[in-house]
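Engineer: This is the structure I want to talk about, given as structure tokens.
Throughout, read-outs are computed from the coordinates displayed, never taken from laboratory work. None of the values given here were measured: they were computed from a predicted structure. Here the Cβ positions follow ideal geometry from the backbone for every residue, glycine too, while neighbour counts run over all protein chains shown.
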């Protein structure tokens with residue numbers, strides 16, 4: 001959750017208005033790839049979204065959706081929140097991983113790619129807020145239904161931020 005496009009507010013909007021959707025999407029994606037730890041990296045200056053995500057993660061733990069044996073399964077998942085330093089370069093996935101590890105947020109040479117050797121040398125999937133926030137809806141309604149919301153050449157939905165000299169910015 002470190003929007004790298006200048007003027008973009010879609011991640012912040014999603015986190016402030018639907019933090020549970022992001023946490024649920026991260027949990028589903030983690031389960032799908034067999035991951036047991038998910039990190040939500042958030043800009044340092046995003047105070048309200050940070051608090052809302054922290055509360056959403058705590059609520060998911062309290063209800064038994066996260067942690068050891070969610071839903072009575074043998075699976076375990078820990079979703080953690082990491083407050084970044086707000087550097088623009090963190091929009092580049094390997095720079096974000098460097099920052100997550102407590103290092104200077106500089107892009108890594110590739111290969112290896114994060115899917116092979118990412119955070120702390122482990123295979124890592126990096127997704128954005130918008131993508132993960134769509135996962136719960138797709139799981140409930142199906143991929144075909146999601147694809148109907150797009151165009152022939154661009155299936156599904158896409159959020160944009162409208163700013164500048166316009167009547168309704170956002």
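Engineer: Mean separation of Cα pairs under 8 Å and 6+ residues apart, divided by the residue count of the chain: what relative contact order is that in percent?
Structural biologist: Worked out over the chain, it gives 24 percent.
Engineer: Next question, about the same structure. Can you give me the Rg/Rh ratio for segment 71-170, using Cα atoms for both radii and the Kirkwood formula for Rh?
Structural biologist: Looking at segment 71-170, the ratio lands at 1.05.
Engineer: Now for a different question. Please report the orientation-averaged projected area of segment 1-143, defined via the convex hull of its C-alpha atoms, in nm².
Structural biologist: That works out to 8.9 nm².
Engineer: May I ask you to compute the full-extension gain from residue 32 to residue 153, defined as 0.36 nm times their residue separation minus their alpha-carbon distance, rounded to one decimal in nm?
Structural biologist: Fully extending the segment from residue 32 to residue 153 adds 40.9 nm.
Engineer: So for the pair residue 117, residue 145, with labels modelled 7 Å out along Cα→Cβ, what separation do we get in nm?
Structural biologist: Simple spin-label model gives 4.3 nm for this pair.
Engineer: Once fully extended, how much extra length lies between residue 51 and residue 167, figured as 0.36 nm per residue of separation less the alpha-carbon to alpha-carbon distance?
Structural biologist: So the extension gain works out to 38.7 nm.
Engineer: Would segment 6-73 count as rounded, prolate or oblate if I go by the C-alpha gyration tensor, calling it rounded below 1.5 in a/c and otherwise prolate when a/b exceeds b/c, oblate otherwise?
Structural biologist: prolate
Engineer: Of the beta bridges DSSP finds with both residues in segment 25-144, what % are antiparallel, to the nearest 5?
Structural biologist: Taking every DSSP beta bridge with both residues in segment 25-144, the antiparallel ones total about 25 percent.
Engineer: Could you calculate the contour length gain from residue 103 to residue 83, that is, 0.36 nm times the residue separation minus the distance between their Cα atoms, to one decimal place in nm?
Structural biologist: 5.9 nm
Engineer: Further question: So if I take the centroid of the Cα atoms in segment 15-36 and the same for segment 90-131, what is the distance between those two points in Å?
Structural biologist: Centre-to-centre (Cα) distance: 18 Å.
Engineer: What does the helix-only formula give at 222 nm for the chain: each DSSP H stretch with n ≥ 4 adding -39500 (n - 2.57), the total divided by the residues, and the result rounded to the nearest 500 deg cm²/dmol?
Structural biologist: Calculated at 222 nm, the ellipticity per residue is -11500 deg cm²/dmol.
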